[in-house]
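The values are calculated or read from the model by the stated rules, or taken from the named source; none is laboratory data. It should be emphasised that the depicted structure is a prediction, and the values quoted were computed from it without experimental measurement. So basically every Cβ, Gly included, is an ideal-geometry build from the backbone, and we count neighbours across all protein chains shown. To get the accessible areas, we keep the full protein, side chains included, count just its heavy atoms, and leave off ligands, DNA and RNA. Shrake-Rupley method; radii C 1.70, N 1.55, O 1.52, S 1.80 Å.
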Amino acid sequence: MRRSRRSVSALHGTSAIPAGIHTITPHIVVRDAARAAAWYAQAFGAEERSRLPLPGGKLMYVELWFGDSAVMAADEFPELGIVSPLSVGGTSVVLNLFTEDVDALWTRVVDAGAEVLHPLQDQFWGDRHGQVTDPFGHRWGLAQHVRDVPPEEIARAAAEAFAPG
């Protein structure tokens, strides 16, 4: 996995992001961020790069890298209104993770305890895709690009798939 200086937290002396470069880093809230970091490492192969513990054992954040993509995870702080999907009863967000061998990743994630929402299958837009919910309430789309599909074919298939009645 490639390391990037941009990934280092401002608390650790980050250099500025170069002009014209934009980044986005999802920040997710979980119950027991230390356990979540260990689970994401086991199930997804995530690499932990840093963490900021607080007195009392909670984590303000843990920086996890999934290949070239970063996700920041933090513990719940219900007293501040910072709660996880487990506290609010679900999420509408899907974190999509693309890989070169989605079947192997799927097996590892499901074996680690993720709940299957949508089985892994080939999709009309050219990906092999499925969705799971991790033990912390976050929804993940796992996918592998299988073939290029012309936009017109995707539009036609989508119109058929989502047509009323």
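Reported to the nearest whole Å, the Cα centre-to-centre distance from segment 97-165 to segment 66-82 is 24. Projected onto the charge dipole of the chain (+1 at Lys/Arg Cβ, -1 at Asp/Glu Cβ, origin at the Cα centre), which of 26, 120, 62 gives the Cα projection farthest towards the positive end? Toward the positive end, the furthest listed residue is 62.
Using a Debye calculation, one point per C-alpha and no hydration shell, please list log10 I(q)/I(0) for segment 27-75 at q = 0.13, 0.30 Å⁻¹ in order. Once normalised to I(0) and log-transformed, intensities are -0.24, -1.17.
Just to confirm a number: summing +1 for Lys and Arg and -1 for Asp and Glu over residues other than residue 128 whose beta-carbon lies under 9 angstrom from that of residue 128, what do you get? Spelling it out: positives minus negatives among the neighbours equals -3. In the context of the full set of protein chains, residues of the chain present 59 Å² of accessible surface per residue (probe radius 1.4 Å, heavy atoms only). For segment 122-165, the relative contact order is 35 percent, taking Cα pairs closer than 8 Å that sit 6 or more residues apart in sequence and dividing their mean separation by the residue count. Just in segment 36-139: which trypsin sites (Lys or Arg not before Pro) are loop by DSSP and have at most 15 other Cβ atoms within 10 Å? Within segment 36-139, the qualifying trypsin sites (Lys or Arg not before Pro) (loop, at most 15 other Cβ atoms within 10 Å) are 58.
Take every pair of alpha-carbon atoms less than 8 Å apart whose residues are at least six positions apart; their mean separation over the length of segment 32-165 yields a relative contact order of 18 percent. Modelled spin labels at residue 23 and residue 91, positioned 7 Å past Cα toward Cβ, are 2.0 nm from each other.
Karplus-based coupling profile of segment 109-119, in residue order and whole Hz: 5, 5, 4, 7, x, 5, 8, 6, 9, 10, x, with θ = phi - 60° in 6.51 cos²θ - 1.76 cosθ + 1.60 and x standing for Gly or Pro. The phi-based Karplus calculation (6.51 cos²θ - 1.76 cosθ + 1.60; θ = phi - 60°) puts the 3J(HN,Hα) values of segment 144-153 at 9, 6, 9, 7, 7, 10, x, x, 5, 5 Hz, whole numbers, x for Gly and Pro.
Please label the shape of segment 12-124 as rounded, prolate or oblate, based on the square roots a ≥ b ≥ c of the eigenvalues of the alpha-carbon gyration tensor (a/c under 1.5 means rounded; beyond that, a/b larger than b/c means prolate, else oblate). Because a/c hits 1.5 or more and a/b fails to exceed b/c, segment 12-124 counts as oblate. Surface composition of the chain: carbon plus sulfur atoms hold 56% of the accessible area, using a 1.4 angstrom probe and ignoring ligands, DNA and RNA. The DSSP beta bridges internal to the chain are antiparallel in roughly 75% of cases.
For the chain, leaving out every one of the chymotrypsin sites (Phe, Trp or Tyr not before Pro) that falls in a DSSP loop and has at most 13 other Cβ atoms within 10 Å, the longest unbroken run is 1-123.
Charge dipole of the chain (Cα centre as origin; +1 on each Lys and Arg Cβ, -1 on each Asp and Glu Cβ, all else neutral): 620 debye, rounded to the nearest 20.
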